[in-house]
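Accompanying notes for the structure given below.
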Amino acid sequence: MSLWYGGDYNPEQWDPVVWKDDVELMRRAGVNLVTVGVFSWSSLEPSPGEYRFGWLDRVLDLLHGGGISVDLATPTASPPPWFSRLHPEALPVTADGLRLTHGSRDTYCACAPAYRTAARGIARQLAEQYHDHPALAMWHVHNEYGTTCYCDLAAARFRDWLRERYGSLDRLNEAWTTAFWSQGYADWADVEPPRKTQYLVNPTHCLDYRRFWSDELLAAFREQKAEINAVSELPVTTNFVFGGWVPVNHAQWAAEVDVVAIDHYPDQAGIGAEEQTAFGADLARGWAGGKPWLLMEHAAGSLNDGRRWHTKEPGRMARHSLSHVARGSRGALFFQWRASRGGAEMYHSAMVPHAGPDSRRFTEIEELGSVLPRLAEVAESNVVAEVAVLWDVECWWAMQGTHLPSSSLDYLAAVRSAHRHFWRAGLTADFAAPDADLSSYRLVVVPSLYLISDEAAANLRAYVEAGGQLVVGYFSGIVDPDLRVRLGGYPGAFTELLGVRVEEFHPLPEDGTVALASGGHGRLWSEHVHAISAEVVDRYADGVLDGLPAITRHEVGAGTAWYVSTEVDDETAARLLGLSPSPLETVHRRRGDTTWTFLINHGEQEAVAPAAGVELVTGEQVDGAVTVPGGGYAVLRST
């Protein structure tokens, strides 16, 4: 079993004389899989019903002749200009009522019948044309599902979705608390998308619109997948993209794809990029239920912090790629193979840069291509994780609203902070859903789980009663799935489990801190906590909360539930979680009696780790310890 290596290949951007050179360079680099066709709709169907597959026939034949497999994509993320001209009603509308024009990618509304028909049509044509081509390894539907629209077509579909979810307007009015601000609905026709309005929008209305779009986009994916499955038995996937703008519940979607695949682009340039790389990989593994998944896209040569590009230093591309492989990916793919000469992303980094193959970047691409085959034996092993961080996308969506008591409350930041503590200690953490089976974990961290169902809360209690260690963060358990506050004191769903009652929130200034009796400090947030049956572990040491509980512990059954009512400093968090810093990113994978250990050094100084076995990159025997140079890595097999 090999590891996949390659990336998006867009031959339609290049003269055919370049194609043969591309295949030779791919062979030289060790590429064995490329994604073809993602943005090629106008090249495949230049006018309605006129299909031109000759160029794609030639490309697939060339790739197959070079021993390179293909992940063939449907091009439905970028409808051609003729489609938008003929179907202006399918152009997307923003929340403030502006209908967008053609000129970029994703210029469509997935609720438009014309778009759905056209998408099924091009998927059917591709499936029938290429289902038996020997180059094919898998199918790739669409690209980075996540587009939202607020048009009248979307409004009609939304009303249908709400009828199915709630059954009656009475139930919808209850869930949305429409008695507030005289929003009660007496006719389904009055229900619209949460468009821009005078002041604050209804938070449950917004949350349901996210839920609706996840389901609607999934229905669009299923339609294309059905066209492919009608003639092909090869795996079908789509590339998940992660971001605050994405209305997709990837945990639910994971059951619909044959292979979970992700795109990952960190938005930090320093060590935070490495932390985010591990975060994204662990999240993908969680979506995949611990099974192998695939890194479909990442950047070969740059990082983007939202203001400017940062060129990856020598060795950093390989470290990012291997971090994904260590954490369960079946390989490392990039966007894209060859840097574009023009277009909106002409400066996006690529495996073959504008400088060509005579470049540092391509040399590193070749080096990584020579390393991955030596690691292929890890492909069917499982990542070892003894701790977990809870993740719930609906909680994230709910906390992106404008109704919270502090603009500093940030669910994603709280989850990343919890994950970062384990990463810095060289421990691998799984991401798990609140209602998942948690029995295999010795420790579970619950960061700012604002929204939780009764069933999920009961699941966490059962985990603790059976002997689990649960650490619950501030602003957790506050609302039910309808975003209705659980009355009687915070943290609502967790008051009995934690043995505490929070009387009031005390948000801190953006740059403010509060001292703790232990010598640490909290930031962002604090709470007036009453320890009802819990033991006080740490107290606030200044301000209006001076002397009141800040951190508590409560024994329940055979386990313990901890409550942390502020965002504590890293040293306090490490002490609470029993963690020690590690100079190496460390991930263990296991199959039977064999363990593989990935050691990745993101620092400048060499680091030594106890180890025994065979180092797969060099083939050398290790007995006692291995030295990992600054910026280097090692992968050991032990039995």
- Helical contribution to [θ] at 222 nm, DSSP H n ≥ 4, -39,500 (n - 2.57), averaged over the chain, rounded to 500: -9000 deg cm²/dmol
- Task: Assign unit charges at the C-beta atoms only (+1 for Lys and Arg, -1 for Asp and Glu), then state the dipole size of the stretch 585-638 relative to its Cα centre in Debye, rounded to the nearest 20.
- Result: 320 debye
- Note on the structure: Taking the alpha-carbon centre of each part, the distance from the stretch 37-93 to the stretch 565-636 in Å is 44 Å
- Message: How would the stretch 585-638 be classified by its alpha-carbon gyration tensor: rounded, prolate or oblate, with rounded meaning a/c under 1.5 and the a/b versus b/c comparison settling the rest?
- Response: prolate
- Query: Are there cysteines in the chain with no second cysteine's Cβ under 4.7 Å away, and if so, which?
  - Reply: C111, C151, C206, C395
- Taking the Cα centre of each part, how many Å lie between the stretch 95-167 and the stretch 520-559? 49 Å
- Net charge near V635: determine it from the other residues with C-beta under 15 Å of the C-beta of V635, scoring Lys and Arg +1 and Asp and Glu -1. +2
- Query: For the stretch 585-638, what is the relative contact order in percent, using Cα pairs closer than 8 Å and at least 6 residues apart in sequence?
  - Reply: 40 percent
- Item | Selection from V59, G630, V471 lying farthest towards where the dipole of the chain points positive, charges on Cβ | V59
- Normalised by the residues of the chain, what does the relative contact order come to in percent, with Cα pairs under 8 Å and at least six apart? 10 percent
- Would you list the P(r) distribution for the stretch 97-199, with all Cα-Cα distances sorted into 5 Å bins from 0 and each bin expressed as a whole %? 2, 9, 15, 16, 14, 12, 10, 8, 5, 3, 2, 1, 0
- Item | Average Cα contact separation per residue, the stretch 387-577, under 8 Å, 6 or more apart, as relative contact order % | 19 percent
- Can you work out the FRET efficiency for the pair E164 and V231, with r the C-beta to C-beta distance and R0 = 30 Å, to the nearest 0.05? 0.45
- Spread of Cα-to-Cα distances over 10 Å intervals beginning at zero, given as percent, for the chain: 3, 15, 24, 25, 20, 11, 3, 0
- Message: Of A112, S84, I68, which is farthest towards the positive pole of the stretch 32-113's charge dipole, taken about the Cα centre with +1 and -1 on the beta-carbons of Lys, Arg and Asp, Glu respectively?
- Response: S84
- Message: Of L524, L172, M138, which is farthest towards the positive pole of the chain's charge dipole, taken about the Cα centre with +1 and -1 on the beta-carbons of Lys, Arg and Asp, Glu respectively?
- Response: M138
- Roughly how many debye, to the nearest 20, is the charge dipole of the chain about its Cα centre, given +1 on each Lys and Arg Cβ, -1 on each Asp and Glu Cβ, and no other charges? 740 debye
- Quick one: which residues, 5+ away or cross-chain, put their amide H under 5 Å from the amide H of V556? H built at 1.01 Å from N. A561
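Laboratory data are not the source of any read-out in this text; all were calculated from the coordinates shown. As the structure is a computational prediction, the values presented were derived from the model and not from experiment. Using ideal geometry, Cβ is built from the backbone for each residue, glycine included, and neighbour counts are taken over all protein chains shown.
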